[in-house]
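Values in this text are rule-based calculations from the coordinates and carry no lab data. Source: prediction; values computed, not measured. Virtual Cβ from ideal backbone geometry, glycine too; neighbours counted across all protein chains shown.
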Amino acid sequence: MPDMKTDGPAFSTARLETFSDAVMAVAITLMVLRIDAPQTSPGQSLGQAFMQTTLPAIIYFLITFAVIVIFWIHHHDLFMRLPEFTPIRAFWLNMGFLAMICLVPFGLEFFSAQSDSYITVSVYAGLMALAALFIGAMAWQVTGHWPAGAIISIIVFLLAIPFAALLGGWCLLVWGINHPVQRMWKARHPDADANL
């Protein structure tokens, strides 16, 4: 485990975790506020409008919600390992992670507008991959080793990009393999810190 002494200012870990929880809660709230009621066009029923626009937006929200919840669980686990005062490097890595979480509502809306575009999927998946990168770096700062789960998460998030043209918005379902792949890795490498 690395030396957790600070080379400068340190921040109350409890206060920083409370702030982080609030940021993630606000991001989730902003995501759900961006789901619009269906608007019908001439010759279209309300049910058709719901199926074409609102239902995909709800599904994308639920997938993203699940990802943020998993981030939150691992974030909480990391903060349980921190001393009473967070070292400055861990503080800034946490801020980078929170910045990516704050951008997720924009990424989700951008993606929802054109879910079969490489650009929108790249931006959205890139935000998730960067969030995994920051939380992985924070885990490295706290534990002294880089969790394999962070690398697996980054790869799985980016894997949605090549599937965008083929699967459209359903390319996010590729993210569902993250947990099973991490479990397989952990089964083959029981001493490794695979989870993220």
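Please report, ordered by residue number, every helix of the chain (full DSSP H runs) that is 24 Å or longer along its axis going by C-alpha atoms and whose mean Kyte-Doolittle hydropathy reaches -0.5. Don't skip to the end; give the middle numbers.
Working: long enough: 13-33 (30 Å, 1.33); 55-81 (40 Å, 1.53); 88-113 (38 Å, 1.48); 118-143 (36 Å, 1.55); 148-167 (29 Å, 2.68).
Within the chain the helices that satisfy the rule are 13-33, 55-81, 88-113, 118-143, 148-167.
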Original post:
Check Thr86: other-chain or 5+ apart residues with amide H under 5 Å from its amide H, H built from backbone geometry?
Top reply: Phe11, Ser12, Thr13
Original post:
Expressed as a whole number of Å, what is the distance separating the alpha-carbon centroids of the stretch 44-59 and the stretch 167-185?
Top reply: 24
Subject >> the stretch 54-111 pair-distance distribution - Cα-Cα, 10 Å bins, rounded % >> reply: 20, 43, 25, 11, 2
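For the chain, what is the calculated [θ] at 222 nm in deg cm²/dmol (nearest 500), taking -39500 (n - 2.57) for each run of four or more DSSP H residues and dividing by its residue count?
On the way: 7 runs with 135 residues, N = 196.
It comes out at -23500 deg cm²/dmol, rounded to the nearest 500.
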**OP:** Using 0.36 nm per residue of separation minus the Cα-Cα distance, give me the extension gain between Phe106 and Ser45 in nm, one decimal.
**Re:** 19.1 nm
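Just order 20-27, 97-104 by mean Cβ neighbour count inside 10 Å, highest at the front, would you? Walk me through the intermediate numbers first.
Numbers: 20-27: 15.9, 97-104: 19.9.
Result, highest mean Cβ count within 10 Å first: 97-104, 20-27.
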**OP:** Can you give me the P(r) profile for the stretch 11-188? Cα pairs, bins 5 angstrom wide beginning at 0, each as a whole percent.
**Re:** 1, 8, 16, 19, 18, 14, 10, 6, 3, 2, 1, 0, 0
Original post:
If you count, for each residue, the other Cβ atoms within 10 Å and average over each peptide, how do 44-56, 153-165, 69-81 line up from highest to lowest?
Top reply: 153-165, 69-81, 44-56
Subject >> Charged-residue dipole, Cβ positions (Lys, Arg, Asp, Glu), the stretch 11-188 about Cα centre, Debye nearest 20 >> reply: 420
Original post:
Quick one: which of 137-144, 175-182 comes out on top by average Cβ neighbours within 10 Å, and what's the full order, highest first?
Top reply: 137-144, 175-182
